[in-house]
Amino acid sequence: MSGYVGLAVAFLGALLQATIVGRYPLLGVHVDLVLVAVVGWAALRRFEDGLLWATLGGVALDLFSALPLGTSVVALVLAALVAASIAGSLRTIHPFLIALAVPVAALTYYVAATVLMVLGGLEVSWVELYRGVVGPAIVVDTVVAPIALLLLVWLSRAITPSPWAP
């Protein structure tokens, strides 16, 4: 069931991110819906569920972007790994603390995507990119994450009895 939900969320999120959300920037950047959804799902659910959503979301993002195919998949998988690792220990303290995994996982995503772009032959100005785009994007994603996490907890409870079950 999680795979079908992940497929729907990934493609709907990527479609919204590529069309509507890009028209309404916050701090000069758009919300990375797929990244926030993948990081939230990886933090809430089993690691395997997070990897599935990362793969589906990465393919969906790659279909709508000019980046080399696979860039978003690899970056989202690494972000999901980081989110699951951080959230695994934080959710035992208090479930809402898993929101702290978002900025670290988002930074992981952006660093991995940037490295893959450089390896793919794209010229990147690291300082300008991280000062003008990545920094504000991490702030926006972190601010949006608690709302997204509430929606993801609801979705998780709708498809399984306990969102924190292993």
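The values are calculated or read from the model by the stated rules, or taken from the named source; none is laboratory data. Not measured: the values here are computed from a predicted model. Glycine gets a Cβ as well: all are built from the backbone with ideal geometry, and neighbour counts include every protein chain shown.
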Exercise for the section: Sort out which residues of segment 12-32 are under 13 Å from the mean Cα position of the chain (by Cα) and farther than 23 Å from residue 128 by Cα, and write them in order of number. Expected result: 13, 14
Practice task
Select from segment 104-147 the residues that are under 22 Å from residue 62 (Cα atoms), among the polar types (S, T, N, Q) and in a helix (DSSP H, G or I) and list them in ascending order.
Solution key: 108, 114
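Condition (residue is within 14 Å of residue 53 (Cβ to Cβ) and buried (at least 18 other Cβ atoms within 10 Å of the Cβ)) applied to segment 109-121: is it met by at least one residue? First the steps, then the outcome.
Within segment 109-121, the first condition is being within 14 Å of residue 53 (Cβ to Cβ), and the residues that meet it are 109.
Going one step further and asking which of them are buried (at least 18 other Cβ atoms within 10 Å of the Cβ), we end up with 109.
The answer is yes; a qualifying residue exists.
Residue by residue, here is whether (1) out of contact with any Leu (no Cβ under 9 Å at 6 or more places or on another chain); (2) over 21 Å from residue 47 (Cβ atoms) holds:
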residue: 90; (1), (2): no, no
residue: 102; (1), (2): no, no
residue: 109; (1), (2): no, no
residue: 118; (1), (2): yes, yes
residue: 139; (1), (2): no, yes
residue: 144; (1), (2): no, yes
residue: 156; (1), (2): no, no
Fill in the blank from the handout: Only one of (1) closer than 15 Å to residue 110 by Cα; (2) modelled with pLDDT of 85 or more; (3) not in a helix (DSSP H, G or I) does not apply to residue 58, and that is (3)
Exercise for the section: Answer with yes or no whether residue 66 is free of Cβ contacts under 8 Å to residues at least 60 places away in the same chain, within 19 Å of residue 116 (Cα to Cα) and over 15 Å from the mean Cα position of the chain (by Cα). Expected result: yes
Exercise for the section: Taking residue 86 as meeting all but one of (1) among the β-branched types (Val, Ile, Thr); (2) within 19 Å of residue 142 (Cβ to Cβ); (3) touching a Gly at 6+ places or on another chain (Cβ under 8 Å), write down the number of the exception. Expected result: (3)
Handout entry: Every residue from segment 65-103 that is surrounded by fewer than 18 Cβ atoms within 10 Å (Cβ to Cβ), assigned to a helix (DSSP H, G or I) and not aliphatic (A, V, I, L, M)
Key = 85, 88, 89, 91, 92, 95, 96, 103
Practice task
Give segment 18-52 a look and list any residue that's modelled with pLDDT under 80 and buried (at least 16 other Cβ atoms within 10 Å of the Cβ), or say none.
Solution key: 18, 21
